[in-house]
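K.L.:
Let me give you the structure first, and then I'll get to my questions.
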Amino acid sequence: MDVSLFRYLAFAGTALAAAAVFPAAAQTFSANPGTFGAMTCQQLWYVEQEVLAEGQVCLKSERARRAFRRAGRCISPDEAILSDKTRDYLKKLRAVARHKECSGP
């Protein structure tokens, strides 16, 4: 096998393994942060919980667990497992929710 092909396959395998172990690293978001201001509190809550569930963060409320019961198994209650990009997205979303004075779940 060509050495450069071997290196490429090793890199690709590592990237796939990282995506499997750290799903939030490959996470896409259902809402553009530019649209947060037009969303209702309910919509903001749903997007936040969706991001957490997709990132395999254990959801805290019964309501969230029911809404995302088909999500993959959670691996940690700590949002630190999320990528910087995902945490920044959540920070923007939560700032809009605070500005709108949305209550918790």
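K.L.:
Is there a residue being touching a residue at least 60 places away in the same chain (Cβ under 8 Å), over 13 Å from the mean Cα position of the chain (by Cα) and over 12 Å from Gln49 (Cβ atoms) anywhere in segment 74-91?
P.N.:
no
K.L.:
Kindly indicate the residue of segment 28-41 that is within 15 Å of Lys92 (Cβ to Cβ) and either surrounded by 17 or more Cβ atoms within 10 Å (Cβ to Cβ) or among the β-branched types (Val, Ile, Thr) (or both) and also modelled with the lowest pLDDT among those meeting that condition.
P.N.:
Ala31
K.L.:
Out of all the residues in segment 47-67, which are assigned to a helix (DSSP H, G or I), over 16 Å from Ser30 (Cα atoms) and among the charged types (D, E, K, R)?
P.N.:
Glu62, Arg63, Arg65, Arg66
K.L.:
Residues of segment 68-105 being assigned to a helix (DSSP H, G or I), surrounded by 10 or more Cβ atoms within 10 Å (Cβ to Cβ) and aliphatic (A, V, I, L, M), which ones?
P.N.:
Scanning segment 68-105 gives Ile81, Leu90, Leu93, Ala95, Val96, Ala97.
K.L.:
Which residues, counting only those in segment 26-41, are within 12 Å of the chain's Cα centre (by Cα) and either in contact (Cβ under 8 Å) with a residue 12 or more places away in the chain or not in a helix (DSSP H, G or I) (or both)?
P.N.:
Correct list: Gln27, Thr28, Phe29, Ser30, Ala31.
K.L.:
Could you check segment 52-67 and list, in sequence order, the residues that are touching a residue at least 40 places away in the same chain (Cβ under 8 Å) and crowded, with 19+ Cβ neighbours inside 10 Å?
P.N.:
Matches in segment 52-67: Ala64 only.
K.L.:
Surrounded by 15 or more Cβ atoms within 10 Å (Cβ to Cβ), modelled with pLDDT of 95 or more and in a helix (DSSP H, G or I): does that describe Leu44?
P.N.:
When the stated conditions are applied, Leu44 passes them.
The values are calculated or read from the model by the stated rules, or taken from the named source; none is laboratory data. Predicted model only: the values in this text are computed from it and were never measured. We place every Cβ from the backbone using ideal geometry, glycine too, and count neighbours over all the protein chains shown.
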